[in-house]
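Let me begin by presenting the structure, written as structure tokens, before commenting on it.
Each reported figure results from applying straightforward, stated rules to the coordinates on display, with no laboratory input. Please read all numbers here as calculations on a predicted model, not as lab measurements. Glycine also receives a Cβ, built like all others from the backbone with ideal geometry; neighbour counts cover every protein chain displayed.
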Amino acid sequence: MSHSASKKSGGRIPVVDMLNGVVKRIAELAAWLNVVLIGVIIISVIWRYGFNNALVELEELTWHLYAVAFMFGIAYCISNDSHIRVDLVHMNVSRRTQHIIEILGIVILLLPFLISILDHSLSWVADSYRVDEHSSSPTGLPHRWIIKGFLPAAFFLMLLAALARLIQEVLLLLHLGTEPEELDPGRVTMIKKLFHVHPEALYRDADVPAESTRKDRQGD
Amino acid sequence: MMGLEPESWLVIGMFSTFILLLFTGFPVAWVLAGTGILFAGVAYLTDNYWETATGIDYNSLGLLVGRIYDIMNNWVLVALPMFIFMGLMLDKSGVAERMMHSMQKLFGNVKGGLAITVTLIGIILAASTGIIGASVVLLGVMSLPVMMKQRYNKSLALGTVAASGCLGILIPPSIMLVIMGDQLGVSVGDLFMGAVFPGLILGVLYMAYILIYGLLRPEDAPLANDHRGVTWADIGRVFLDIIPPAILIFAVLGSIFMGIATVTEASGVGAFGAAVLAAAYKRFDFAVLKEVTINTMNTSAYIFAIFVGATVFALVLRECGGDELIESVLTGMGLGPYGLIIFVLSVVFLLGFFLDWIEISLIILPLLGPVIKGLGLDIDGYGVVDNPELVWFALLVAVTLQTSFLTPPVGFALFYLKGVCPPEVKLVDIYKGVVPFILLQLVGLALVFIFPALVTWLPAVAYGN
Amino acid sequence: QAEKKVLLKLPVWFGTHLTGLGSTPAWLAENIEAASGGNIKIKVYEPGKLIPPKEMLDAVSKGQINAGYTTPGYNTGLVGNKGGIFSAVPFGPDAPEFLAWIYYGEGRKLWQEMYDKAGYNVHSIPCGIIAPETSGWFSRPIDKPEDLKGLRMRFFGLGALVMEKMGVSTSLLSSKEIFPALEKGAIDATEFSMPAIDKLLGFHKILKYNYFPGWHQPATTFEVIVNKDFWNKNMSDSQRAMLEVGCKAAMLDGLALGEAIQFPELKENAKRGVENRYWSDEMLDAYRAGWAEVVAEEGAKDPEFKRIYDNLSAFRADYEVWSRLGFMPRPGTKRIAE
Ligand code: NA
Ligand code: NA
């Protein structure tokens, strides 16, 4: 499998860029919740060991934060094309076949899933709102429908991202857009991006010591 | 196959469809979810027009919402993005280069010393990150150019990097063990503790192999041209470079093991500590934080997407009677408990050729947990470890999966490594290099299999009174 | 012409390996299939296999599954704290008195009404009861109310509100979460169920002071909820009657089993280094005072809570003379009257 790197459309298909832009902006905002989560954990640790006091609210808040971050992140991974794939066969077929696979996959596998979850989740949140569900712990957080509301919100975002991909793949299949430049097999590209690795540059001068190599990577 | 209940055909159909669709290269998470939804539709039709009785209809798919929400409010898994953040941040902190630099001096006089340094750093990195990609890439970037320059045997160099980089998934803290604990319903602390000896044994096996290799074929593991004696300053430097990450590791693992902190708390503190370390090494600024934050989201999201897909797949499979079918197939083979475990590990090993540990843990473990529990294995938990047979089994699976990262043709680590190699290194060179290490892995696996105490003893001592 | 068979998919809150607690729905499934000649089949799903327990009520109401095994005390997040009254009442009735109110007072009617008023489309059948639970496991002796302050404790139902009054921070963890939470220090103390059931969860390995009596759960009832449309449209008269009868039998079986398996474990506790302790009068009075506050507050917040609790209290007031005169004092305990 691979974590394919982003095949950016680079301003080629405006509606796709617009949808992806929305998804990415929201998800990147949500990503910061992980930093907030670190803060909340630190505070609850200090609270617990420093003041011998537990706050059920803080403990519940931890999973609220983590949940929102990863749920929006799933949409981000669709836009960024970083979901894990088994690329054994995939990377050896033609571009055209890849587009067809992608289109069929989105229409037959992804969209039915997203739509049925989105559909069911709306009444699920509505019911939670109707009874004003609160935590089953007496001092837990109230208004549980708020966090539950993030589920359909995230699925809506996934739907947008999926539609953007569908449009892009259809247009590319019909040769109505520019193909992204040829990429390495997905996971290698992802790693290179993730760690700013440029093996070619690394080995251009065989005498590069590790320390300075590192600086090159940092400067990327 | 005549004796099968009609529902069994749905189960078989589901699995075959899943495997087939996997190879189209469509994202695994969506293949899982999509196959689930697709077969919910099929089951609805066969309920009405054939003789199955699954009771699945569109309305019952609403159960999936609650199941996905259950992943959202899982307090064990909160540790996962935290450990990922910690690993990525440590990568940015430059800790590994510092250690590499100073330890290289220390081991400069030993044939194969450089390779041993790589393995040692692999172990230390393992204990701090646990993200395979990160360790392999980091080790590769740091050590391959130097090893090439020193004219190491290409295969030895590549094998060392790939194998050492994979230790991270086994040596705690490990996101794989967090997920396994959650799936099997065993204590993550027990798994962390249980993984210490198997992880160290593998590390020691690697080092022993390299040492012997260096003695037998010194020309393949040469010393650096400019090597000199070890000075006290070198030793001091090593300690200075090792102490900060060591403190972080002990703070994280120690607080879990001593029962001071929950896994979540330790993971949060570890993430914070990694950022502090990066700041101490002047590698921390807003750009770094932003990058690590977004990559944390990205990495944890593609893992959780598989959680979501797997919960869809598992529900429909279960409603079609998949659990019962698998249980009856496995127990009906007449293999006996240990034969069954060997069979299961072989299947896991084979699946590891093309599936990621995430999918294997999420799809296979929940199905196997009850079967293994029902075997009535007599594994000693010393009255302390709960479900010692499951803890032992989880570690067997973990070592097996770790081996499969190294296994050609498509082991995870091999591709990561290829990504950072000079262009003249071919995939075949990497394949050749990992073969001895795969054999060592199998030796390690056999040891854990024959001596379950390697797994269960430490948690028992740690948590006993 | 045989009637149409029904299959009830029954997710449960507790693993069926928890004898005396989770075993009751398994007993029901086994016996109702036999007794109905296969006319009703119940397929029990271990916790979380089909649906997370906390989502069960909503899923049954929507007909996503046709049934579930639960208790209103686990659904207070959805139905409010009044739900707890139908599960277990601190300083409330013991099993015979509770059953008298449920079946021959207005208990069951109010129970069903609670779900109806909250808009849940379920038919509730009381289906299991257990005698007093232990009132908790602690790492050190609790001699006076101050000893409780600052503890983090797993606690169930209305009793949790009382513990909050005592300065305890409570959370409602599921059975499989408790031991890991204790082990890692996420909580300092816990209560769960009766000695034989607690033993299966291994609390004795970590906590050495086991307190009695179970003031917080003198008796605890459980229920089968069935989607109301399914109940009305998909089940025949005889199937409905069968399920009602089966649940009454399950009620009896659970109670008898629970009473039969506790004493060996209490005797074993000593060997495990666990001290069985009985709350001092001071502690029980403190809990009782806390409970009185909780009743006043909850009643003021929710008129339905007050209505249900008053109904139970009125029944208990009538019952009191029988309770006082009809029974021998239990060995070793004091008579309250005189
Ligand atoms: Na690790
Ligand atoms: Na309880």
| query | Would the stretch C:27-41 turn up any residue that is in a helix (DSSP H, G or I) and β-branched (Val, Ile, Thr)? | reply | yes
| task | Kindly check whether there is at least one residue in the stretch B:377-387 that is under 30 Å from B:Ala29 (Cβ atoms) and assigned to a helix (DSSP H, G or I). | result | no
| Which residues, counting only those in the stretch C:86-97, are surrounded by fewer than 24 Cβ atoms within 10 Å (Cβ to Cβ) and not in a loop (DSSP other than H, G, I, E, B)? | C:Ala95, C:Pro96, C:Glu97
| query | Do we find a residue being under 18 Å from B:Val141 (Cβ atoms) and not in a helix (DSSP H, G or I) anywhere in the stretch B:425-448? | reply | yes
| note | Within the stretch C:213-269, residues within 14 Å of another protein chain (Cβ to nearest Cβ) and either within 16 Å of ligand 2 (Cβ to nearest atom) or among the aromatic types (Phe, Trp, Tyr) (or both) come out as C:His216, C:Phe230
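Table: residues versus (1) out of contact with any helix residue (DSSP H, G or I) (no Cβ under 9 Å at 6 or more places or on another chain); (2) within 12 Å of another protein chain (Cβ to nearest Cβ); (3) of a type outside the set (A, V, I, L, M).
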position: C:Asp143; (1), (2), (3): no, no, yes
position: C:Leu148; (1), (2), (3): no, no, no
position: C:Leu158; (1), (2), (3): no, yes, no
position: C:Glu164; (1), (2), (3): no, yes, yes
position: C:Thr170; (1), (2), (3): no, yes, yes
position: C:Glu191; (1), (2), (3): no, no, yes
| Scope the stretch B:290-302; condition surrounded by fewer than 24 Cβ atoms within 10 Å (Cβ to Cβ) and more than 7 Å from chain A (Cβ to nearest Cβ); matching residues | B:Lys290, B:Glu291
| request: Considering only the stretch B:8-34, state which residues are more than 7 Å from chain A (Cβ to nearest Cβ) and among the polar types (S, T, N, Q). | output: B:Ser8, B:Ser16, B:Thr17
| Selection status of C:Pro90, more than 22 Å from C:Trp27 (Cα to Cα), in contact (Cβ under 8 Å) with a residue 60 or more places away in the chain and under 14 Å from the mean Cα position of the chain (by Cα) | yes
| note | Within the stretch B:75-94, residues aliphatic (A, V, I, L, M) and not in a helix (DSSP H, G or I) come out as B:Val76, B:Leu77, B:Val78
| request: Quick one: count up the residues across the stretch C:217-259 that are touching a strand residue (DSSP E or B) at 6+ places or on another chain (Cβ under 7 Å) and not in a helix (DSSP H, G or I). | output: 10
| Subset tally (residues that are in a helix (DSSP H, G or I) and away from ligand 2 (no atom under 13 Å from the Cβ)) for the stretch C:164-194 | 9
| query | So, in the stretch C:201-212, of the ones that are at the interface with chain B (Cβ under 10 Å from one of its Cβ atoms) and of a type in the set (A, V, I, L, M), which residue ends up nearest to ligand 2 (Cβ to nearest atom)? | reply | C:Leu201
| Which number in (1) assigned to a loop (DSSP other than H, G, I, E, B); (2) in contact with a strand residue (DSSP E or B) (Cβ under 7 Å, 6 or more places away or on another chain); (3) surrounded by fewer than 22 Cβ atoms within 10 Å (Cβ to Cβ) marks the one condition that C:Pro132 misses? | (2)
| Just one of the numbered conditions (1) among the polar types (S, T, N, Q); (2) more than 30 Å from B:Val461 (Cβ to Cβ); (3) part of a strand (DSSP E or B) is not true of C:Asn276; which one? | (2)
| note | Residue set C:Leu110, C:Leu78; condition more than 13 Å from ligand 2 (Cβ to nearest atom), at the interface with chain A (Cβ under 10 Å from one of its Cβ atoms) and either farther than 22 Å from C:Asp188 by Cα or assigned to a helix (DSSP H, G or I) (or both); output residue C:Leu78
| query | Listed residues B:Ala275, B:Ala279; which is part of a helix (DSSP H, G or I), farther than 20 Å from A:Ile26 by Cα and at the interface with chain A (Cβ under 9 Å from one of its Cβ atoms)? | reply | B:Ala275
| task | Working only within the stretch A:90-127, note down all residues that are part of a helix (DSSP H, G or I), more than 10 Å from chain B (Cβ to nearest Cβ) and not β-branched (Val, Ile, Thr). | result | A:Arg95, A:Arg96, A:His99, A:Ala126, A:Asp127
| Hits in the stretch B:180-209 (condition: over 16 Å from B:Ile256 (Cβ atoms), within 13 Å of ligand 1 (Cβ to nearest atom) and of a type in the set (A, V, I, L, M, F, W, C)) | B:Leu200, B:Leu202
| query | Mind checking whether some residue in the stretch C:45-65 is polar (S, T, N, Q), within 14 Å of another protein chain (Cβ to nearest Cβ), more than 16 Å from ligand 2 (Cβ to nearest atom) and within 22 Å of the chain's Cα centre (by Cα)? | reply | yes
